[in-house]
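Reviewing the structure listed below.
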Ligand SMILES: NC(=O)c1ccc[n+]([C@@H]2O[C@H](COP(=O)([O-])OP(=O)(O)OC[C@H]3O[C@@H](n4cnc5c(N)ncnc54)[C@H](OP(=O)(O)O)[C@@H]3O)[C@@H](O)[C@H]2O)c1
């Protein structure tokens, strides 16, 4: 199996690269400097010359608040980049893996979203990711479109990882206020990486929801982490309105992984077990 992976320096990308190498796949990862997914001609040249068996797109613009003002960049990276990839991969009949987000949903449903639910994003980031989904679905039938949520990995930047941010706050402050009105499914990158590499061997193209099992609020997740690391400070519940930010967030955007079990034969471990593994490996 020969894989071309874009956005190679991201937190999910690095674990997909590691898992692919572990499995003996031939994998070529390109960071943004080497291969910008907005550049159609450069992408076409790279994919046509490497002729991979599958392209995995991990490149994304994930700055949710910044996307409200810098929306054109978000739409370029999350919408036009995937359009370029889908158009090239579709033409060459090369399967494409593309990741989307629970933030395509408005959060009003009150129970986990299935692949049959209709997206209705509440912020520009969600709109840009939805545009990417639509382009991929229209332009190539050979797609694995995988929505993931609340991604956390050992590698990658602190800005995109809630636990890393939380631990850095806990090291600085004796009191933390964390919101109770944002709930979703945390997703640990090594678990996602394994499932993605299993999925691409099924040839069962389509839309998937992939995340660790169960869901929690930001507050519940923080409480779990802070207890595990033995933090002695004071954790207080808060509301999103207490921290005005440019982008609205969905209140409840947990993902229902159906039909993952039917396709892969397993579900991912619980978010609690995954969080414990993250803490053991990173502390
Ligand atoms: N993080 C989350 O909580 C979350 C939640 C739901 C879904 N997702 C989705 O999951 C996927 C993986 O996310 P992640 O957390 O691993 O992201 P990440 O760590 O932010 O990695 C994204 C990578 O894409 C690169 N990139 C940005 N613009 C690019 C361009 N034009 N061409 C090529 N590369 C570019 C970035 O490089 P620079 O660092 O140089 O900008 C970065 O290395 C993304 O599709 C994301 O939208 C993430």
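The values are calculated or read from the model by the stated rules, or taken from the named source; none is laboratory data. The structure displayed is predicted, hence computed values, not measured ones. No Cβ is skipped: glycine too gets one built from the backbone with ideal geometry, and neighbour counts run over all protein chains shown.
Of all residue pairs spaced 6 or more apart or on separate chains, those with beta-carbon atoms under 6 Å, a first member in segment 26-37 that is over 13 Å from residue 61 (Cα atoms) and a second member that is outside any strand (DSSP E or B) and more than 6 Å from the ligand (Cβ to nearest atom) are 27/17; 27/20; 29/8; 29/17; 30/8; 31/8; 35/46.
Per-residue answers, yes or no, for (1) modelled with pLDDT of 95 or more; (2) farther than 20 Å from residue 181 by Cα; (3) touching a helix residue (DSSP H, G or I) at 6+ places or on another chain (Cβ under 9 Å):
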{"position": "205", "(1), (2), (3)": "yes, yes, no"}
{"position": "209", "(1), (2), (3)": "yes, yes, yes"}
{"position": "223", "(1), (2), (3)": "yes, no, no"}
{"position": "228", "(1), (2), (3)": "yes, yes, yes"}
{"position": "231", "(1), (2), (3)": "yes, yes, yes"}
{"position": "252", "(1), (2), (3)": "yes, no, no"}
{"position": "258", "(1), (2), (3)": "yes, yes, no"}
{"position": "276", "(1), (2), (3)": "yes, yes, yes"}
{"position": "281", "(1), (2), (3)": "no, yes, yes"}
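Residues are listed down the side, and each one gets a yes or a no for (1) in contact with a strand residue (DSSP E or B) (Cβ under 6 Å, 6 or more places away or on another chain); (2) under 14 Å from residue 143 (Cβ atoms); (3) in a helix (DSSP H, G or I):
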site: 72; (1), (2), (3): no, no, yes
site: 76; (1), (2), (3): no, no, yes
site: 80; (1), (2), (3): no, no, yes
site: 87; (1), (2), (3): no, yes, yes
site: 90; (1), (2), (3): no, yes, yes
site: 99; (1), (2), (3): yes, yes, no
site: 103; (1), (2), (3): no, no, yes
site: 108; (1), (2), (3): no, no, no
site: 115; (1), (2), (3): yes, yes, no
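Taking segment 46-59 as the search range and keeping residues that are within 12 Å of the ligand (Cβ to nearest atom) and either in contact (Cβ under 8 Å) with a residue 60 or more places away in the chain or outside any loop (DSSP other than H, G, I, E, B) (or both), which one is nearest to the chain's Cα centre (by Cα)? Residue satisfying both the conditions and the ranking: 57. Restricted to segment 157-181, and to residues there that are surrounded by fewer than 21 Cβ atoms within 10 Å (Cβ to Cβ) and assigned to a loop (DSSP other than H, G, I, E, B), the residue that is nearest to the ligand (Cβ to nearest atom) is 157. Can you tell me which residue within segment 29-45, out of those that are crowded, with 19+ Cβ neighbours inside 10 Å and more than 7 Å from the ligand (Cβ to nearest atom), is farthest from residue 18 (Cα to Cα)? Here the answer is 43.
When residue 67 is tested against the conditions (1) under 17 Å from residue 138 (Cβ atoms); (2) outside any loop (DSSP other than H, G, I, E, B), the lone failure is (1).
Considering the conditions (1) at pLDDT below 95; (2) more than 12 Å from the ligand (Cβ to nearest atom), residue 143 is excluded by exactly one of them, (1). For segment 117-136, name all the residues that are part of a loop (DSSP other than H, G, I, E, B) and touching a helix residue (DSSP H, G or I) at 6+ places or on another chain (Cβ under 7 Å). Across segment 117-136, the qualifying residues are 119, 121, 123. Among the residues of segment 182-193, the one identified as near the ligand (Cβ under 9 Å from one of its atoms) and out of contact with any strand residue (DSSP E or B) (no Cβ under 7 Å at 6 or more places or on another chain) is 184. Here residue 127 passes the criteria (1) more than 22 Å from residue 205 (Cα to Cα); (2) surrounded by fewer than 18 Cβ atoms within 10 Å (Cβ to Cβ); (3) away from the ligand (no atom under 12 Å from the Cβ); (4) free of Cβ contacts under 8 Å to residues at least 60 places away in the same chain except the one numbered (2).
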